[in-house]
Amino acid sequence: MKIALQADFWSFSILALLGVTLLYVLQFYSLKYISATEGSVIINFHAIFAMLLSALLLKEPLNKLKVAGVFVAFFGVVVITIRSITGTTMNFAEPLGVLMMMATALCWASYSVYGKKILQKYSTQVTTSCVFLLGTIYLIPFAMSEGELSSIASSSPIVWLSVIFLAIPSSVVSYILWNKLIQEIDVTKVLVSLYLIPIPTAILSYIILGETITYSVIAGAGLIIAGVYLTESSRGNPI
């Protein structure tokens, strides 16, 4: 196993850069130039990118139902979130933020597609451990460039609890489960399932925060459910 891991060092490095280092660097820096709502729409291009990459590199079947499902679900996400963007003005740096968020979506799609190949050789636990270790190491120069490492020692317990929550259940556990899914299921079908996230978000926001569930949320949720259903029910008949 040790010799095999050494032989695949560059493969794990590519996964670490795509799924951890570049993914988070591009995502966080892009949010300096665009709103979180804009980012939440743009990053959902990941399923479209993954559909094309998986068809090209993994030879996963691409058919009319799958294509239609991905785009219908994506449009549903847009319908839910676009209402928060109306009325905002574009600043001169916003195109840079858009490009960086598009690159983030491409990184996540590439990680999922390339990771499926690596997962044919290694377990989800081994793959996730190597990816996070290397990804964290490659993140150090970016962290040091922020020049605020001294504030870590003086951080409050709430900050540390937040970091632990983000690191373990939100990242490590999630990545293990994610890698397990892409190991066994078409990458596109797994990625398009992420389009369901705005639905429980809207419901929880209504229950906990008292936010209104608008007609656009209901319409968008319907489109997302329909799109995911079309994608998940697609078979191997090519276009």
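No lab work stands behind these numbers, since they all come straight from the coordinates. This one's a predicted model, so the numbers in the text were calculated from it and none came from an experiment. No Cβ is skipped: glycine too gets one built from the backbone with ideal geometry, and neighbour counts run over all protein chains shown.
Projecting label points 7 angstrom from Cα along Cα→Cβ for residue 161 and residue 203 puts them 2.7 nm apart. The trypsin sites (Lys or Arg not before Pro) of region 170-239 that DSSP puts in a loop, and whose beta carbon has at most 16 other beta carbons within 10 Å, are 235. For the chain, the number of Lys pairs separated by eight or more positions or lying on different chains, with C-alpha atoms closer than 17 Å, is 12.
The ranking of 108, 160, 178 by Cβ neighbour count inside 10 Å, starting from the fewest, reads 160, 178, 108. Rg over Rh for region 95-239 works out to 1.02, using Cα positions for both radii and the Kirkwood form for Rh. Annotation for region 137-216: GluC sites (Glu not before Pro) lying in DSSP loop with at most 15 further Cβ atoms inside 10 Å of their Cβ are 146, 148, 211. Look at 136, 104, 212 and count the other Cβ atoms within 10 Å of each Cβ; fewest to most, that gives 212, 136, 104. Shown in residue order for region 165-172 are the 3J(HN,Hα) couplings computed by the Karplus curve 6.51 cos²θ - 1.76 cosθ + 1.60 at θ = phi - 60°: 4, 5, 7, 8, x, 7, 10, 4 Hz (x for Gly and Pro).
Modelled label positions at residue 9 and residue 229, each set 7 Å beyond Cα in the direction of Cβ, lie 5.2 nm from each other. Segment residue 172..residue 58, full-extension length gain: 38.5 nm, with 0.36 nm per residue of separation and the alpha-carbon distance subtracted. Magnitude of the charge dipole for the chain, about its Cα centre and with charges confined to Cβ atoms of Lys, Arg (+1) and Asp, Glu (-1), is about 660 debye.
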